[in-house]
Amino acid sequence: MAEGHRQASGGRVFRPEIQGLRAVAVALVVLYHVWLGRVSGGVDVFLMVSAFLMTGQFVARHRRGERTHLLKHWLHVFRRLLPAAAVTIAGTVIAAVIFLPATRWGDMLREGAASLGYVENWLLQSDAVDYYAQDHSLASPFQHFWSLSIQGQIFILFPLVFVALGALARRRGLAYEKVLTVGFAAVFAASFAFSVWFTATDQVQAYFSLPARIWEFALGSLLALAVDRVRVGRRAALVMGWGGVASIVACGLVLDVQGLFPGAIALWPTLSAAAVILAAQHGGRFGVHQVLASKPLRKLGDISYGLYLWHWPVLVIALTWRQREEAGWLLGTLAVLVSVVLAWATIRFVDTPWRAWRWPELRLRNGFAGAAACVLVGVAPIAAVQGTVQTTTAQVEARAAVDNPGAEALDPDYDDKAPSTASLIPVAQKVPTDWYGLPKKCSSDLKVPDSLAPICGMNAVAASEAKTIVVVGDSHAEQWMAALEPVAAQRGERVVSLLKGGCVYAPTTKSGNPDCDAFNASVAAYLAANPPGTVFMVGTVAAASSPAEVLSPGLDAVVAALTAKGSTVVALRDNPRFTFNMADCVARNGASSPKCSLPQSSLLAPKNPLTAFAAAHPKHFVQIDMTDLLCPRGACPGVIGNTYVYLDDNHVTRTYSASMATILGQRLSAAALS
């Protein structure tokens, strides 16, 4: 994010049009995010320009006959990047604690730490394929750090390339800049080919991938090596300059940048920016550089780094605080104004003084101390909040047996001794991750095929097939294991899980998801070859905030196949689902808020669909309905017995599920499953 310069004979000449180009790019990023809810392609311009400037610095250093000391260079770069980033991270954590529901803090702290370590893109890659990561529709205030993380990784990687190619040029007596050109052309070709393939194969993963993005930086390096050798006529410069800017502006309007990039289509904004840079000042008095070099755009370019840092957390926190999905003109304008003020203040009072401070440049240890101080600024609030959460968790869990009965509080004979001030469990910050998992990987005697072995779990009970319960399906089956496993352990039954998030167990029905279909086919084949005593699953599918509940797809065929092999099928009725995050609602409005309790009639079918199904399948099929514990007296609240019932908009917490174990055991016994 350094200032715009042009490489001359051994020196660097200020290029105001680069600042203007960066101003255009950041303006597009902000405006598209705030008012259009789209990705503009402006970030791709930033990435390409950053490599253009970095390459100019290395070439200038070589022309002056200077050697690059990598450690000193890296310290210099991150000493300049870290202060503004660390202040933004610290400020965002503090603002999030004030304005966001506590259920959002866990992910926020995790991503804040990842952003400070320049690995946010890796974390987002992991979460993108993790069904159990917190709702992907909930934007994180640190999500925009993915591009800064990739940029930081490039700032570590590319200097190694410059030094290695420089050593090769000296050893072989070759021209340094020609070696760089060949080297970066090869990097560009390899990364571009990979990016096209990866984007077509898994676009969501590719979007955050460093290897799939390297070509954008390589393009900037190639442009820096060519810019002083390319002469553009005035008319061509006029067309290239104005056409390039118009193309950059139009990119986000015409393309689904978030859904298509970073494959070949990302050439659109990057080549458009390259055209603007090549046109440079060759367009005469009507050239685009006259506008890009204007004082307003240069001033905006000066704070572009700060504006990129601040605009996203300001927008996300504002939308979450106001419980809105879109900013609108008033809230959006306020968000932009606040972002501009924060960006200006960060650059004016943090970034500029820090850059002017020479002490960290005097010695390596000074540089380390300066970088460590910046990291500490970002780490301190993260550690403080995390420490408070851990302390609170320990205090609350120590009183859970008395204060937090969960479903047991619904027993008419329950003696409630919890004070009115009792805290809820799990602690709000830990609610989104309150999942249950079986403690062991499946043993070899279960004969689980290799395709299922990585996801197969079991409890610690060794039992015969007749006393084995296999839980199949998706996360809605998994959430009941916290209730089922203690019951099974008490009875000496083995519990085995074969579960895949988002995949309802329907092996005879095409889901539209090839991975789910293949998984279900493997599970069906395994159960046919190794029939257990009991198969446990969810037998209906509820609709979000709607009574349109239906039987699970292909349930008749599933039950027929399993019972034909001698297995008993236990099917639970699905739990209510909502169009909003119930845990967030409770954290924001309180446990007793009417906003966080909906009538059962608006969430589930008037009659349990499994009742009629069970009547038509009297042998080896049992239906269990736990709705009365989720919707007592016809109302479905977010808290029962001082316990969060839901961890998001449709999943029951491990803690509340566990509190239903005794009653689930009683109902299984009543169904003669001993």
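The values are calculated or read from the model by the stated rules, or taken from the named source; none is laboratory data. Because the structure is a prediction, the values reported are computed rather than measured. Reconstructed Cβ throughout: ideal geometry from the backbone, glycine too, with neighbour counts over all protein chains shown. When the accessible area is computed, the model is the full protein with side chains, heavy atoms only, and any ligands, DNA or RNA have been set aside. Shrake-Rupley method; radii C 1.70, N 1.55, O 1.52, S 1.80 Å.
Key figures for this structure:
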quantity: Complete set of residues in region 35-49 that are part of a helix (DSSP H, G or I) and open to solvent by less than 10 Å² (accessible area, probe 1.4 Å); calculated: G42, D44, V45, L47, M48, V49
quantity: Of the criteria (1) over 24 Å from Q125 (Cβ atoms); (2) aliphatic (A, V, I, L, M); (3) surrounded by 19 or more Cβ atoms within 10 Å (Cβ to Cβ), which one L219 fails; calculated: (1)
quantity: Within region 580-605, considering residues that are in a helix (DSSP H, G or I), free of Cβ contacts under 8 Å to residues at least 60 places away in the same chain and small (G, A, S), the one most open to solvent (accessible area, probe 1.4 Å); calculated: S601
quantity: Every residue from region 55-68 that is in contact with a Pro (Cβ under 8 Å, 6 or more places away or on another chain) and modelled with pLDDT of 90 or more; calculated: F58
quantity: Whichever residue in region 622-674 is of a type in the set (G, A, S) and part of a loop (DSSP other than H, G, I, E, B) and, among such residues, is modelled with the lowest pLDDT; calculated: S674
quantity: Filter result for the condition that a residue is of a type outside the set (A, V, I, L, M), within 18 Å of V470 (Cβ to Cβ) and out of contact with any strand residue (DSSP E or B) (no Cβ under 6 Å at 6 or more places or on another chain), over K510, K500; calculated: K500
quantity: Any pair with Cβ under 7 angstrom, 6 or more apart, that starts in region 184-202 at a residue that is within 11 Å of P262 (Cα to Cα) and ends at one that is open to solvent by 60 Å² or more (accessible area, probe 1.4 Å) and at pLDDT 95 or above; calculated: S191/P211; F194/P211
quantity: The lone exception for S294 - which of (1) farther than 25 Å from A193 by Cα; (2) out of contact with any Gly (no Cβ under 8 Å at 6 or more places or on another chain); (3) among the hydroxyl-bearing types (S, T, Y) it fails; calculated: (2)
quantity: Hey, A356 of a type in the set (G, A, S), modelled with pLDDT under 95 and exposed (fewer than 14 other Cβ atoms within 10 Å of the Cβ) or not; calculated: yes
quantity: Total residues in region 176-216, condition assigned to a helix (DSSP H, G or I) and either open to solvent by 30 Å² or more (accessible area, probe 1.4 Å) or farther than 18 Å from A274 by Cβ (or both); calculated: 27
quantity: Matching residues in region 400-436 - criterion: being in contact (Cβ under 8 Å) with a residue 24 or more places away in the chain, part of a loop (DSSP other than H, G, I, E, B) and either open to solvent by 90 Å² or more (accessible area, probe 1.4 Å) or among the small types (G, A, S) (or both); calculated: A418, A422, S423
quantity: Condition met for M660 (open to solvent by less than 40 Å² (accessible area, probe 1.4 Å), under 18 Å from M537 (Cβ atoms), out of contact with any helix residue (DSSP H, G or I) (no Cβ under 6 Å at 6 or more places or on another chain) and of a type in the set (A, V, I, L, M)); calculated: no
quantity: Residue match in region 484-491 (condition: under 23 Å from L438 (Cα atoms), assigned to a loop (DSSP other than H, G, I, E, B) and modelled with pLDDT under 95); calculated: yes
quantity: Flag if E361 is assigned to a helix (DSSP H, G or I) and modelled with pLDDT under 90; calculated: yes
